[in-house]
Amino acid sequence: MNSLKPCVLSIDIGTSSMKGGVISLDGELYTFGRVPLADTGQNNFLDWDGLIWNRALKNLIQDLSNKLPLKQLDIKAVVVSGNGPTLVPLGDDGQLNGFSHLWLDKREKRIPGQKSFFLPAAAWIKENQPEIYDKTKYFLGCPEYISYILTGNSAGFTANSDFDPYIWTKDGIDTYQLDSDKFPDLVNIGEAIGLVTKEAEITTGITKGLPVYAGGSDFIMAILGTGTVVPGRTCDRAGTSEGINYCSEFSVENERIRTLPHVIDGLYNAAGILSSTGAIFEWFRRISGQKNKPYSEMMDEIKQIKHEQNIPGFYPSLHKGEVWEFSGGLFVGLEAFHGPVEMGRAVTTAIAYGVRDLVETLERNNCPIESLRVSGGQGRSSIWNQMKADVTGKIIEIPSVIDTELMGNACTGLKSTGFFATLSEASESMVKIVRSHTPDRLEHRKYNDGYNFYHQRCEDLVKIIGSGLGKEI
């Protein structure tokens, strides 16, 4: 490793963990760390204590420094991304003002026709927690809060002006009858926020004086970090939730596809959302007594289950829509001889079928997909990625840095410090595909039969059970 290569300190705040790494100009991950935040199987995430992020950041930087002293590296920038839409209230003293409103908190007051992901939560807080609303000086997003901790400067992060309505605008704030001075000005990804302060160096361990640049929502940075910056490329980003993100030249109009402006001007991000895939798998690990069992061992056992074996079907919910959520789920065809392995096969197959369903939905809407570029911890499992390839019939590609939010942050930081002219150039240069999984034709045919049966049984269940467990398909 050449420690003199320019690099970026990248930080990403997930739902269940905070990750960090230092990535060089040529896309090499010098050091990586991960600090747990919460157990997705045991927390409802209401009334989130934002100080958890503060403590995690300090522990993360200490972990990174223990592995490789950061002051030995030529760090040019710090960039933070994070989950969203999460709303963090700050008081006049710059301290947290009550609990934060996480992205999966469904308490909101939404006005039809309004695009903002953040303002409905603020409107709910105003109506139901007026004491918090009145004492809030600024509402910030999740990565904006950590950037504020580092620099003392407040801002909202947006991809570009086309994306502003999805964060907040003056018209949107007025429509929701909120106070505009509580929402800081928006800055584009890559714009300077400030320098790390002496106080931040003491509390976090990040060197004073390092420039901090605006990051963004984790899914946006994952798009950059997988090189999904060319029309037709597709990113499969998985964590607590999962999204199939297609880079499009046009806006896709479909109730199951969420189309947003792309971080690259003139393009669109057409995404199908599976809101609970990671949470479902962690739930299953917990209820089956396998929480401490290595993922690789679980997947190896699941792989041994043959197509012709009798296994139950798992249905996370009995409805489709923009969000595939774990609500009113059930196992069907469960027998006394079924154990954790058979049930695990049912759960993983259901997740893979959910991915295929979204891939097919995109393709029916003129978004042809040849391959899926993987993002997240799923990239570590060859068994799981081969299974996805066999189920979807698509090539699964694995980048060198699977925590692609961190890579997206690095692309942003090095573009902002002048090493690349554009974000596209940075992404194309730094992202490298190191492994791919090609569908096995025989396995794909077998999964086709299972996939068709799975959907038919789901339709039959809806007819029998009706709206008691979910909305009709």
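So here's what we get for this one:
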read-out	value
Sole exception among (1) more than 21 Å from the chain's Cα centre (by Cα); (2) more than 30 Å from I402 (Cα to Cα); (3) surrounded by fewer than 17 Cβ atoms within 10 Å (Cβ to Cβ) for K58, by number	(2)
Of all residues making up the stretch 131-163, the number that are closer than 30 Å to L9 by Cα and part of a helix (DSSP H, G or I)	13
Subset tally (residues that are out of contact with any Lys or Arg (no Cβ under 8 Å at 6 or more places or on another chain), of a type in the set (V, I, T) and surrounded by fewer than 24 Cβ atoms within 10 Å (Cβ to Cβ)) for the stretch 402-444	3
Failed condition for D105, given (1) over 18 Å from the mean Cα position of the chain (by Cα); (2) among the charged types (D, E, K, R); (3) under 30 Å from I125 (Cβ atoms)	(1)
Entirely in the stretch 3-95, the strands (runs of 3 or more DSSP E) that have 1 or more residues that are within 30 Å of A122 (Cβ to Cβ) and in contact (Cβ under 8 Å) with a residue 60 or more places away in the chain	6-13, 17-24, 74-82, 88-90
Which numbered condition G333 misses (of (1) modelled with pLDDT of 95 or more; (2) on the phi > 0 side of the Ramachandran plot)	(1)
Residues of the stretch 410-434 satisfying the condition of being of a type outside the set (K, R) and in contact with a Pro (Cβ under 9 Å, 6 or more places away or on another chain)	G413, L414, S416, T417, F419, V431, I433, V434
Search result, residues across the stretch 96-117 that are without any contact (Cβ under 8 Å) to a residue 12 or more places away in the chain and over 19 Å from S275 (Cβ atoms)	P112, G113
Matching residues in the stretch 383-411 - criterion: being part of a helix (DSSP H, G or I), more than 17 Å from the chain's Cα centre (by Cα) and hydroxyl-bearing (S, T, Y)	T392
Checking A122 against (1) under 21 Å from the mean Cα position of the chain (by Cα); (2) of a type in the set (A, V, I, L, M); (3) modelled with pLDDT of 95 or more, the condition it does not meet	(1)
Extreme residue, farthest from L37 (Cα to Cα), among residues of the stretch 203-218 that are surrounded by fewer than 24 Cβ atoms within 10 Å (Cβ to Cβ) and not hydroxyl-bearing (S, T, Y)	G209
Residue that is surrounded by the most Cβ atoms within 10 Å (Cβ to Cβ) [pool: residues in the stretch 163-202 that are among the β-branched types (V, I, T) and over 27 Å from the mean Cα position of the chain (by Cα)]	T197
Residues located in the stretch 185-211, provided they are free of Cβ contacts under 8 Å to residues at least 60 places away in the same chain and assigned to a loop (DSSP other than H, G, I, E, B)	D185, T197, K208, G209
Count of the stretch 353-374 residues which are at pLDDT 95 or above and small (G, A, S)	1
Members of the stretch 118-130 that are in contact (Cβ under 8 Å) with a residue 24 or more places away in the chain and either buried (at least 21 other Cβ atoms within 10 Å of the Cβ) or in a helix (DSSP H, G or I) (or both)	F118, L119, P120, A121, A122, A123, I125, K126
In the stretch 78-89, residue farthest from the chain's Cα centre (by Cα) [restricted to those that are surrounded by 24 or more Cβ atoms within 10 Å (Cβ to Cβ) and farther than 16 Å from L57 by Cβ]	P89
Within the stretch 264-373, helices (runs of 4 or more DSSP H) holding 3 or more residues that are among the polar types (S, T, N, Q)	340-364
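Residues checked against (1) free of Cβ contacts under 8 Å to residues at least 60 places away in the same chain; (2) buried (at least 18 other Cβ atoms within 10 Å of the Cβ); (3) among the aliphatic types (A, V, I, L, M); (4) closer than 28 Å to T259 by Cβ:
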position: L330; (1), (2), (3), (4): no, no, yes, no
position: A346; (1), (2), (3), (4): yes, yes, yes, no
position: L358; (1), (2), (3), (4): no, yes, yes, yes
position: E363; (1), (2), (3), (4): yes, no, no, yes
position: P368; (1), (2), (3), (4): no, no, no, yes
position: G379; (1), (2), (3), (4): yes, yes, no, yes
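The values are calculated or read from the model by the stated rules, or taken from the named source; none is laboratory data. Values in this document were obtained by computation on a predicted structure and should not be read as measured data. As a convention, Cβ positions derive from the backbone with ideal geometry for all residues, glycine included, and neighbour counts pool all protein chains shown.
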